[in-house]
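S.K.: Below is one structure. I have some questions about it.
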Amino acid sequence: MTKTYITVQGDTWDIIAYKQLGSEYSLPILLEANKEHRSTVIFSGGIKLDIPKVDTSIVTERPAWLGEDEEL
């Protein structure tokens with residue numbers, strides 16, 4: 001299921017990805033769902049974007065060589 005987001009003046013893809021999907025690294029997912037707006041860098045207000053549902057149940061596990069107390 002896809003939800004809708006209406007842009008606010010000054011929104012950028014990474015800001016929208018962070019606000020709506022929890023990570024700016026989800027930006028490619030937004031671009032794929034909104035191909036007609038790919039050339040937009042900074043949005044004006046009132047643009048309707050589709051926000052696809054992202055499966056967050058798949059989590060990358062820590063590599064074996066990285067100890068539990070170490071940070072990436």
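The values are calculated or read from the model by the stated rules, or taken from the named source; none is laboratory data. None of the values given here were measured: they were computed from a predicted structure. With ideal geometry, Cβ positions are generated from the backbone for all residues, glycine too; neighbour counts draw on all protein chains shown.
S.K.: Only one residue in Ile47, Ile42 is surrounded by 10 or more Cβ atoms within 10 Å (Cβ to Cβ), closer than 21 Å to Thr2 by Cα and at pLDDT 75 or above, so which one is that? Working first, answer last.
M.R.: On the way: Ile42 fails: closer than 21 Å to Thr2 by Cα.
After applying the criteria, what remains is Ile47.
S.K.: Next question. On the given criteria, is Ile29 assigned to a helix (DSSP H, G or I), β-branched (Val, Ile, Thr), within 9 Å of the chain's Cα centre (by Cα) and modelled with pLDDT under 95?
M.R.: For Ile29, the condition - assigned to a helix (DSSP H, G or I), β-branched (Val, Ile, Thr), within 9 Å of the chain's Cα centre (by Cα) and modelled with pLDDT under 95 - is met.
S.K.: Please determine, by comparing only the residues of region 54-72 that are surrounded by 10 or more Cβ atoms within 10 Å (Cβ to Cβ) and either under 22 Å from Thr4 (Cα atoms) or β-branched (Val, Ile, Thr) (or both), which one is modelled with the lowest pLDDT. Step through it out loud before you land on a result.
M.R.: Residues of region 54-72 surrounded by 10 or more Cβ atoms within 10 Å (Cβ to Cβ): 54, 56, 62, 66.
If we keep only those that are either under 22 Å from Thr4 (Cα atoms) or β-branched (Val, Ile, Thr) (or both) as well, we get 54, 56.
On the way: Val54: 81, Thr56: 61.
Among residues in region 54-72 that are surrounded by 10 or more Cβ atoms within 10 Å (Cβ to Cβ) and either under 22 Å from Thr4 (Cα atoms) or β-branched (Val, Ile, Thr) (or both), the one modelled with the lowest pLDDT is Thr56.
S.K.: Quick test for you: out of Tyr5, Tyr18, pick the one residue that is at pLDDT 95 or above and among the hydroxyl-bearing types (Ser, Thr, Tyr).
M.R.: Only one candidate qualifies: Tyr5.
S.K.: Mind checking which pairs have a first residue in region 1-23 that is loosely packed, with under 15 Cβ neighbours inside 10 Å and a second that is in a loop (DSSP other than H, G, I, E, B), Cβ under 6 Å, 6 or more apart or different chains?
M.R.: Met1/Lys53; Val8/Gly45; Gln9/Ser44; Gln9/Gly45
S.K.: How many of the residues in region 1-26 are outside any helix (DSSP H, G or I) and either within 18 Å of Gly45 (Cα to Cα) or touching a Phe, Trp or Tyr at 6+ places or on another chain (Cβ under 9 Å) (or both)?
M.R.: 10
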